[in-house]
Amino acid sequence: MKFIKNIIKKYKSSLIREQAEIILSTVHKDRGMLYEDINEFRLQLEDIEGMAVNGTKEHEELFPTKHDLKDGLYTREVSMPQGSFVVSYIHKQNHPSFFLKGEMSILTDTGEVERIKAPMKVMTELGTQRVAYMHSDVTWVCVYKTDAKTIEEAEKEVYTTDFRKLPSSIIKKQLWQE
């Protein structure tokens with residue numbers, strides 16, 4: 001959790017600091033991260049001047065992404081610069097990911113922070129959403145199964161920003177309350 005606290009200090013925003021504290025305080029080993037809290041945190045980050053928001057020209061420039069769509073597979077390779085802080089999309093299917101270059105810390109759904117170093121294969125599960133900090137320049141590749149004919153269709157099929165688009169069994173698992 002130290003990497004999130006360091007990012008919060010960097011931006012010196014009480015709103016961001018509050019949201020990070022809410023996220024960190026709602027984590028429970030048996031329940032996972034709450035999607036609403038991650039989303040609220042993401043929205044607070046987007047309000048900071050200079051932040052790159054998904055789908056914008058600034059985001060494309062900061063995080064160059066290569067897309068390939070062929071034979072029922074959508075491959076997405078993203079480069080993330082050292083010092084960047086990312087809130088990922090919510091994944092709508094199980095798929096392999098390949099961490100090709102760099103080192104990052106990720107906040108897992110169990111509330112633990114893992115520092116991972118390339119090269120390695122990561123199996124991403126349906127419903128996964130990552131919060132990550134890049135300790136060095138990173139290259140990450142995801143491979144998805146799809147029947148889509150365009151990159152735009154494939155993107156809509158494989159990830160979302162709205163957890164309510166996930167199967168109800170996943171939502172219940174992630175939002176389970178004691």
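The values are calculated or read from the model by the stated rules, or taken from the named source; none is laboratory data. On a predicted model such as this, the values are computed, not experimentally measured, just so you know. Because the Cβ atoms are built from the backbone with ideal geometry, glycine has one as well, and the counts that use them run over all protein chains shown.
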Discussion item. Could you go through the range 124-134 and let me know if any residue there is of a type in the set (Lys, Arg), under 19 Å from Asn39 (Cβ atoms) and touching an Asp or Glu at 6+ places or on another chain (Cβ under 8 Å).
Written reply: no
Item to complete: Check the range 121-128 and report whether any residue there is under 19 Å from Thr161 (Cα atoms), small (Gly, Ala, Ser) and assigned to a strand (DSSP E or B).
Response: no
Worksheet item: Just wondering, is there one or more residues in the range 50-63 that are under 25 Å from Lys165 (Cβ atoms) and at pLDDT 85 or above?
Response: yes
Worksheet entry | Conditions (1) among the β-branched types (Val, Ile, Thr); (2) touching a Phe, Trp or Tyr at 6+ places or on another chain (Cβ under 9 Å); (3) farther than 21 Å from Lys66 by Cβ; number of the one not met by Thr128 | (2)
Discussion item. Quick check on the range 89-117: of everything there that is touching a helix residue (DSSP H, G or I) at 6+ places or on another chain (Cβ under 8 Å), modelled with pLDDT under 90 and in a loop (DSSP other than H, G, I, E, B), which residue is surrounded by the fewest Cβ atoms within 10 Å (Cβ to Cβ)?
Written reply: Gly111
Response to the item:
Cβ pairs under 7 Å, 6+ apart or interchain, first in the range 149-170 and within 20 Å of Val53 (Cα to Cα), second assigned to a helix (DSSP H, G or I) and of a type in the set (Val, Ile, Thr), ordered by first then second residue, are Phe163/Ile171
Worksheet item: Applying the selection to the range 123-137, what residues are in contact with a Pro (Cβ under 8 Å, 6 or more places away or on another chain) and within 11 Å of Met104 (Cβ to Cβ)?
Response: Met134, Asp137
